[in-house]
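The values are calculated or read from the model by the stated rules, or taken from the named source; none is laboratory data. This structure is a prediction, so every number in the text was calculated from the model and none was measured. Neighbour counts run over all protein chains shown; Cβ positions are idealised from the backbone, glycine included.
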Amino acid sequence: MPPANETSPLRVLLVDDGAHRVSLIRDELVRQGHDVVGVIDAPLLIHDCVTRLAPHVVIVDSESPSRDTLEHVATLSGSHPMPVVVFAEDEADPPMRQAMAAGVSAYVVAGLQPHRLASVLRVAIARFEQDKALREQLAQARSELSSRKVVDRAKGILMRSGGLGEEDAYHQLRKLAMDRGTKLVEIAQRVIDADELLHPPPRA
């Protein structure tokens with residue numbers, strides 16, 4: 001994760017994707033007090049270098065991001081999420097859309113100005129953190145929906161087998177969870193598993 005303090009030095013991995021201007025970026029990063037942990041020119045090495053060098057940010061310098069580069073960035077987004085910045089010269093819309101879909105946090109076209117690097121990094125990190133928070137909220141919402149379905153199914157089993165009302169069935173599940181010191185959804189799943197064991201579905 002990038003440092004919470006904007007003034008803290010960043011560990012940066014540079015990827016030369018054909019533009020051959022990484023030396024300018026490296027020099028400016030060093031001038032700003034950041035740590036350039038590696039400079040590579042093969043997209044295939046991105047994942048391995050991120051695993052070994054643990055950068056906070058990846059910067060790709062490119063004329064137009066290659067398919068290989070974007071594929072490896074997308075893989076990185078799934079295994080080691082982190083801010084990725086792309087400097088490109090291609091103003092066409094498709095490469096930019098493909099880069100953003102791959103998980104790029106900032107895509108800067110025809111704008112490699114070393115003195116702007118600090119602000120670009122701040123924007124990329126802020127967007128990454130915002131996207132991360134949204135992903136976590138979505139995952140939480142999906143988890144809660146899934147848990148609610150499991151609890152509702154378990155309540156239905158108790159209502160059917162024990163002649164309970166919905167509220168009583170819920171309270172029984174909750175009491176079982178509290179007595180066993182476990183989560184409500186785990187007790188609900190046990191009720192479902194037991195019901196399926198006692199009443200297996202008919203074979204086709």
Looking at the range 147-204, which of its residues are touching a residue at least 12 places away in the same chain (Cβ under 8 Å) and either outside any helix (DSSP H, G or I) or of a type in the set (Ser, Thr, Tyr) (or both)? 147, 161, 170
Here is a list: 14, 45, 24, 29. Which entry is of a type in the set (A, V, I, L, M) and part of a strand (DSSP E or B)? 14
Out of (1) assigned by TED's automatic domain parsing to the domain that holds residue 19; (2) in contact with a strand residue (DSSP E or B) (Cβ under 6 Å, 6 or more places away or on another chain), what's the single condition that is false for residue 101? (2)
Kindly evaluate residue 127 against the criterion of being touching a strand residue (DSSP E or B) at 6+ places or on another chain (Cβ under 8 Å) and not assigned by TED's automatic domain parsing to the domain that holds residue 18. yes
Would it be correct to say that residue 143 is part of a helix (DSSP H, G or I), at pLDDT 85 or above and more than 30 Å from residue 25 (Cβ to Cβ)? yes
Could you please find all residues in the range 98-114 being at pLDDT 80 or above, more than 15 Å from residue 71 (Cβ to Cβ) and not in a loop (DSSP other than H, G, I, E, B)? 106, 107, 108, 109
Residue selected from the range 170-204 under the condition of a type in the set (A, V, I, L, M, F, W, C) and either exposed (fewer than 11 other Cβ atoms within 10 Å of the Cβ) or not assigned by TED's automatic domain parsing to the domain that holds residue 145 (or both), by the criterion farthest from residue 142 (Cα to Cα): 204
Taking the stated definitions as given, is residue 161 over 30 Å from residue 73 (Cα atoms), of a type in the set (Ser, Thr, Tyr) and at pLDDT 90 or above? no
From the list 50, 104, 85, which residue is more than 12 Å from residue 12 (Cβ to Cβ) and either within 18 Å of the chain's Cα centre (by Cα) or in contact (Cβ under 8 Å) with a residue 24 or more places away in the chain (or both)? 104
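Just the residues that are at pLDDT 90 or above and either in contact with a Phe, Trp or Tyr (Cβ under 9 Å, 6 or more places away or on another chain) or on the phi < 0 side of the Ramachandran plot (or both), please, taken from the range 47-59.
Hits for the range 47-59 are 48, 49, 50, 51, 52, 53, 55, 56, 57, 58, 59.
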Any hit, the range 62-71, residues being at positive phi and part of a loop (DSSP other than H, G, I, E, B): no
Residue list for the range 128-165, restricted to those being small (Gly, Ala, Ser), within 31 Å of the chain's Cα centre (by Cα) and surrounded by fewer than 16 Cβ atoms within 10 Å (Cβ to Cβ): 133, 139, 141, 143, 146
Qualifying residues in the range 25-39 (those that are β-branched (Val, Ile, Thr) and at pLDDT 90 or above) - the one nearest to residue 87 (Cα to Cα): 39
Odd one out for residue 86 among (1) part of a helix (DSSP H, G or I); (2) touching a Pro at 6+ places or on another chain (Cβ under 7 Å): (1)
